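The values are calculated or read from the model by the stated rules, or taken from the named source; none is laboratory data. The structure presented is a predicted model; accordingly, all values stated were derived computationally and were not measured. In this analysis, Cβ positions are derived from the backbone assuming ideal geometry, glycine residues included, and neighbour counts consider all displayed protein chains.
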Amino acid sequence: MLPAMIIGAGFSGLAAAHALNKAGKKFIVLEARNRVGGRVFTQPVQDTYYLDLGGQWIGPGQHRMYELAREHNLQWFETYNTGKNIIDLNGRIRTYSGLIPKIDPLSLVNIQWVLTRLESMAKRLPPDKPWTTPRAFTYDGISLDYFLRKKCFTRNAYQVLRPGLETVYACNLNELSLLHALFYIQSGNNLNTLLSIENGAQQHRIIGGMQQLAERMAAPFRECIHFNHAVTNIVQDDTGVTVSGNNFSYRASRIIIAIPPVLIRNIHFEPSLPLLRQQLLQKLFMGRVGKVFGIYRTPFWRKYGFSGQVVTDEQQPFQVFFDSSPADGSYGVLLAFCIAVRAQQFFSLSQTERKNMALQHFSRYFGEEALHPEYYTDHCWADEAWSGGCYAAVYPTGTWTSFQDELMKPFGNIHWAGTETSKAWYGYIEGAVRAGERAAAELLSHS
């Protein structure tokens, strides 16, 4: 019988394995995919380019990510953030600089007031127990969209705030509770950090792509990772846990489950998971994120003074755009985020229709040259069988106050990881790493 086993080789499972390996603990990792990284995936393109189809950014406050990058001899670079930004609002295109677009003065005041209000409310939440805040039941009883509509006194204010916040939470704003929205802000330091590039969560990228960090973390214990091993059954008794799937079965004293919550629902447990956890897993759903890329010979928009950043209203298929070119600018990459209901609509089209629509919008903001990429691709994480969506699981109204920290409580010899079990940087790679390390510490404490 093995001392330990980990299910899932995303960043949380890798962080747990990294910690167990350093402690000299024997283990194996079972991964349903044929690769490591989970919701991080860097795709090589034509032997020349690369695209981060999944998580790609790190920023201030994400200490473990920077430490791991240093430990594995990886360098990072600044996300391109120079020049004019664009806002497409009510059919009119304007340029601006900074975080908040320059629109009518009343809407600008309203936007700043709403952001400050959310920030103030989030600061009062205990980050490890958000359900204990004095107004927890009130906040958990309404959606973020309800709050936003009540507090936005102009349509323009709502139209600007909505795409930015949808990009933060990866869902329709009427789908998540206000309490979850506030917890998410608290877990990521503050709202300005979550929204920003400079001094924000989008400040840096790993040279060569984020996948490299996953690969290098896995290298010391690569032979312990079993790919194409989708777990379907977990049976535990007083002495250990038996984990099985199609044509395999392993037994360990203790295990760590480091997969998205919605995938846990597909595993048969014996004995059954506690009723509260079963109900919680039924409530949670994954965010819906699509990333749309155009690769160009050069980042041509820069020569015209554009940053590559765009914010659009609900009339457009994409919420925001970024310059996702490599560190040396040797080629250009425009990246558009397509989230929530917009992702549902966009990815219901054929790939030819999607490409034509995307290029028309790229050219709407950056001119004729944007119609002629070297390469186009898009990727919807909701179509990933072993993710179910991205960035993370979303808590709808009533969920935090009803289930509290049920998701991370050990169940017998089973420990839980994944970014959804982290109280810091929930939904981010940093949160996944911290959760994996916490689960490994729990397991080691029982050795």
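Miscellaneous remarks
- Lone unmet requirement of (1) over 29 Å from PHE293 (Cα atoms); (2) assigned to a helix (DSSP H, G or I); (3) assigned by TED's automatic domain parsing to the domain that holds GLY245; (4) among the small types (Gly, Ala, Ser) for SER107: (3)
- Scan of region 69-88 for residues that are of a type in the set (A, V, I, L, M) and surrounded by fewer than 20 Cβ atoms within 10 Å (Cβ to Cβ), ordered by number: LEU74
- Screening the candidates ILE207, ILE225 for the property of being modelled with pLDDT of 95 or more, touching a strand residue (DSSP E or B) at 6+ places or on another chain (Cβ under 9 Å) and surrounded by 17 or more Cβ atoms within 10 Å (Cβ to Cβ) yields one hit, ILE225.
- Some residue of region 304-322 being over 20 Å from GLY164 (Cβ atoms) and in contact with a helix residue (DSSP H, G or I) (Cβ under 9 Å, 6 or more places away or on another chain): yes
- Condition check for ILE295: in contact (Cβ under 8 Å) with a residue 40 or more places away in the chain and either charged (D, E, K, R) or under 27 Å from ILE103 (Cβ atoms) (or both): no
- Set ARG251, ARG288, ARG216, ARG222: member being farther than 16 Å from TRP416 by Cα, within 18 Å of the chain's Cα centre (by Cα) and of a type outside the set (Ser, Thr, Tyr): ARG288
- Residues of region 284-314 that are closer than 21 Å to GLY431 by Cα and part of a helix (DSSP H, G or I): none at all.
- One residue stands out in region 134-161 among those that are in contact with a helix residue (DSSP H, G or I) (Cβ under 7 Å, 6 or more places away or on another chain) and charged (D, E, K, R): the one that is surrounded by the fewest Cβ atoms within 10 Å (Cβ to Cβ), namely ARG149.
- For region 323-334, the set of residues classified as crowded, with 20+ Cβ neighbours inside 10 Å and either out of contact with any helix residue (DSSP H, G or I) (no Cβ under 6 Å at 6 or more places or on another chain) or without any contact (Cβ under 8 Å) to a residue 40 or more places away in the chain (or both) consists of ASP323, SER324, SER325, GLY332, VAL333, listed by residue number.
- Residues of region 395-447 satisfying the condition of being of a type outside the set (Ser, Thr, Tyr), more than 19 Å from LEU273 (Cα to Cα) and in a loop (DSSP other than H, G, I, E, B): PRO396, GLY398, LYS423, ALA424, TRP425, GLY427, HIS446
- Hits in region 1-31 (condition: under 16 Å from ALA417 (Cα atoms) and part of a loop (DSSP other than H, G, I, E, B)): GLY8, ALA9, GLU31
- Top-ranked residue in region 402-435 [being within 18 Å of SER253 (Cα to Cα) and in contact with a Gly (Cβ under 8 Å, 6 or more places away or on another chain); ranked as surrounded by the fewest Cβ atoms within 10 Å (Cβ to Cβ)]: ASN413
Rundown of residues vs (1) among the aromatic types (Phe, Trp, Tyr); (2) more than 30 Å from LYS25 (Cα to Cα), yes/no style:
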residue: LEU165; (1), (2): no, yes
residue: ASN172; (1), (2): no, yes
residue: GLU175; (1), (2): no, yes
residue: MET210; (1), (2): no, no
residue: ALA218; (1), (2): no, no
residue: PHE221; (1), (2): yes, no
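- Of all positions in region 51-65, none carries a residue that is over 26 Å from the mean Cα position of the chain (by Cα), in a loop (DSSP other than H, G, I, E, B) and more than 23 Å from ALA219 (Cβ to Cβ).
- Every condition in (1) out of contact with any Ser or Thr (no Cβ under 8 Å at 6 or more places or on another chain); (2) surrounded by fewer than 23 Cβ atoms within 10 Å (Cβ to Cβ) is met by GLY287 except one, and the failing one is (2).
- Only one of the listed residues (THR397, THR352) is buried (at least 20 other Cβ atoms within 10 Å of the Cβ) and farther than 26 Å from GLY55 by Cβ. That residue is THR397.
- Single condition ILE257 does not satisfy, out of (1) in contact with a helix residue (DSSP H, G or I) (Cβ under 6 Å, 6 or more places away or on another chain); (2) under 30 Å from CYS171 (Cα atoms); (3) buried (at least 17 other Cβ atoms within 10 Å of the Cβ): (1)
- Helices (runs of 4 or more DSSP H) fully within region 127-233 counting 2 or more residues that are of a type in the set (Phe, Trp, Tyr): 136-140, 144-151, 155-169, 178-187
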